[in-house]
Amino acid sequence: MNRQPAREMTNTEDRQKASVLRPGYWLGASLIGAALVGVSLPGTAAPARKAAPKARAVAKPAPSAAAKQVSASVQKGLAYLRKSQQPDGSWQRYPGITAICTLGFIRNGVTEKDPAVAKACAYLASLAKPNGAIYTDQFGPGQALPNYNTALALSALHATRNPKYAPVIRKAQEFLAGSQYDEGEGFKPTDRQYGGIGYGSKQDNPDVSNLQNALEALKESGYPKNAAVFKKALIFLQRCQNRNESNDQSWAGTDGGFVYASSGESKAEEYTKSPHSSYGSMTYAGLKSYLYCNVTRTDPRVQAAWSWLRANYDVEQNPRMGTDGLYYYYHTMSKTLAVLEDKVVTDTKGKKHVWGPDLARAITARQSPDGSWKNQNPRWWEDRPELATGYALISLANCRQGL
């Protein structure tokens with residue numbers, strides 16, 4: 001490239017001086033000139049450049065009336081929990097309830113930068129035991145429930161995405177996986193308890209409810225998807241489903257729904273007056289757990305559970321249980337439908353239900369003026385507003401995916 005020297009030589013003397021400059025002068029000048037291509041020198045105008053086209057602003061759609069109602073309800077619920085939080089960061093001084101309330105915040109977009117969430121997480125982490133379990137003995141061994149509390153606390157701490165909890169999370173994962181009924185506890189695959197997880201306070205029977213909490217915590221916290229805990233859990237789940245093609249227990253029926261435990265125990269029996277009755281909350285829990293155990297949606301076991309749920313679609317009560325465990329049912333129903341990622345449930349009569357608005361309306365209609373929720377039915381602690389409010393807030397967060 002030919003460029004003019006920076007200074008024009010005007011006389012013979014200048015040219016002579018240039019001729020005796022050190023070797024490589026012209027090479028160096030050429031390289032410097034090349035480096036300056038496209039760069040404006042002092043006192044010169046920069047070459048005109050074509051302006052980049054401006055990005056066209058895309059208007060966000062206005063929130064629907066349903067979305068606005070959910071947002072307002074959530075804010076009232078969060079305000080209630082802020083006021084009812086204990087000085088130690090807990091709710092009701094119990095880790096399971098604290099974890100559910102914490103998830104009520106996080107699932108609705110409130111991070112650990114919020115003091116309420118930060119205090120709650122510090123409380124949960126402070127309860128971690130050397131073996132990885134997260135629970136308290138404050139209320140005696142009967143309420144310690146190590147597996148139940150650890151699963152919920154693990155879900156809450158992981159949801160913060162804060163790396164400082166990584167050691168606590170890792171040990172909690174191993175504790176939960178180790179709490180499964182398997183060869184380590186002397187159980188064989190032919191035993192009905194095999195693959196299940198119970199409350200953990202004593203040598204109790206494993207059940208679908210505790211198992212689904214553990215599987216959800218392990219799945220969401222990144223435990224290896226092909227780990228043995230999921231494969232063993234599948235054996236237990238099959239034995240809790242009323243599907244005799246895959247359930248080898250003598251009590252198994254044929255409607256595709258789930259009971260509470262592989263013994264055939266059903267909490268719905270007092271209502272149905274029939275043994276081994278399938279019911280709503282456990283069938284949603286069972287279906288979701290199948291998915292966490294890498295069973296496909298087209299699998300006959302999943303399809304059988306889904307058919308039962310379609311036949312018993314309900315947002316006003318826990319099918320076959322009335323108001324027993326209503327908020328637990330809302331929580332489990334909404335989570336399962338969110339995992340399925342279908343906005344519409346077509347029942348077995350062909351009627352389509354957009355479940356997000358359906359369920360959101362049912363939940364917001366039950367909110368108290370102070371922002372809390374409370375089940376007038378005291379079973380499973382749902383008459384404690386902190387617990388019911390935590391469940392309701394998580395459910396509304398799940399509903400937002402279906403709005």
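The values are calculated or read from the model by the stated rules, or taken from the named source; none is laboratory data. All figures in this text were calculated on a predicted structure; none of them were measured in a lab. Every residue, glycine among them, receives a Cβ derived from its backbone with ideal geometry; neighbour counts consider all protein chains shown. All accessible areas refer to the heavy atoms of the entire protein, side chains included, with ligands and DNA or RNA removed. Shrake-Rupley method; radii C 1.70, N 1.55, O 1.52, S 1.80 Å.
Quick notes
- Residue within segment 54-69 that is of a type in the set (G, A, S) and at pLDDT 95 or above present: no
- Residue in segment 390-401 that is modelled with pLDDT of 95 or more and part of a loop (DSSP other than H, G, I, E, B) present: no
- Taking the criterion of being free of Cβ contacts under 8 Å to residues at least 40 places away in the same chain and crowded, with 17+ Cβ neighbours inside 10 Å, the residues of segment 266-289 that qualify are S266, E269, H276, T283.
- The numbered conditions (1) open to solvent by 10 Å² or more (accessible area, probe 1.4 Å); (2) of a type outside the set (S, T, N, Q); (3) part of a loop (DSSP other than H, G, I, E, B); (4) closer than 23 Å to A217 by Cα are all true for A62 except (4).
- Taking the conditions (1) of a type outside the set (F, W, Y); (2) assigned to a loop (DSSP other than H, G, I, E, B); (3) over 24 Å from Y391 (Cβ atoms); (4) open to solvent by 20 Å² or more (accessible area, probe 1.4 Å) in turn, G256 satisfies each one other than (4).
- Picking from residues in segment 315-339 that are within 15 Å of S395 (Cα to Cα) and among the aliphatic types (A, V, I, L, M), the one that is most open to solvent (accessible area, probe 1.4 Å) is V339.
- Qualifying position, being more than 19 Å from G96 (Cα to Cα), charged (D, E, K, R) and not in a loop (DSSP other than H, G, I, E, B), among K188, K171, K164: K164
- Positions within segment 320-357 being among the hydrophobic types (A, V, I, L, M, F, W, C), in contact with a Leu (Cβ under 9 Å, 6 or more places away or on another chain) and assigned to a helix (DSSP H, G or I), in sequence order: M333, L337, V339, L340, W355
- Those residues of segment 290-314 which are surrounded by fewer than 17 Cβ atoms within 10 Å (Cβ to Cβ), more than 20 Å from the chain's Cα centre (by Cα), outside any helix (DSSP H, G or I) and not charged (D, E, K, R), in sequence order: T298
- Look at (1) under 22 Å from the mean Cα position of the chain (by Cα); (2) exposed (fewer than 15 other Cβ atoms within 10 Å of the Cβ) and you find that T160 fails only one, number (2).
- Pair list, Cβ under 6 Å, 6 or more apart: segment 130-156 residue of a type in the set (G, A, S), other residue surrounded by 22 or more Cβ atoms within 10 Å (Cβ to Cβ) and in a loop (DSSP other than H, G, I, E, B): A144/Y135
- Hey, T346 open to solvent by 40 Å² or more (accessible area, probe 1.4 Å) and not hydrophobic (A, V, I, L, M, F, W, C) or not: yes
- The single condition from (1) at pLDDT 95 or above; (2) farther than 21 Å from L81 by Cβ; (3) of a type in the set (D, E, K, R) that D383 fails is (2).
- In the condition set (1) open to solvent by 20 Å² or more (accessible area, probe 1.4 Å); (2) over 22 Å from the mean Cα position of the chain (by Cα), K225 is compliant with all but (2).
- P115 touching a strand residue (DSSP E or B) at 6+ places or on another chain (Cβ under 8 Å), at negative phi and at pLDDT 95 or above: no
- For segment 113-156, the candidate set comprises residues that are in contact with a Gly (Cβ under 7 Å, 6 or more places away or on another chain) and not polar (S, T, N, Q); within that set, the residue that is surrounded by the fewest Cβ atoms within 10 Å (Cβ to Cβ) is A122.
- Residues in segment 226-275 that are touching a His at 6+ places or on another chain (Cβ under 8 Å) and among the aromatic types (F, W, Y): W251 only.
- Subset of segment 344-394 (residues that are farther than 18 Å from G322 by Cα and touching a Pro at 6+ places or on another chain (Cβ under 6 Å)): S372
- Pairs where the first residue, in segment 83-97, is farther than 11 Å from A116 by Cβ and the second is among the aliphatic types (A, V, I, L, M) and open to solvent by 10 Å² or more (accessible area, probe 1.4 Å), C-beta under 8 Å, 6+ apart: P95/L127; P95/L152; G96/L145; G96/L152
- Selection within segment 85-107: residues that are more than 16 Å from N149 (Cα to Cα) and open to solvent by 20 Å² or more (accessible area, probe 1.4 Å). The member of this set that is nearest to the chain's Cα centre (by Cα) is R107.
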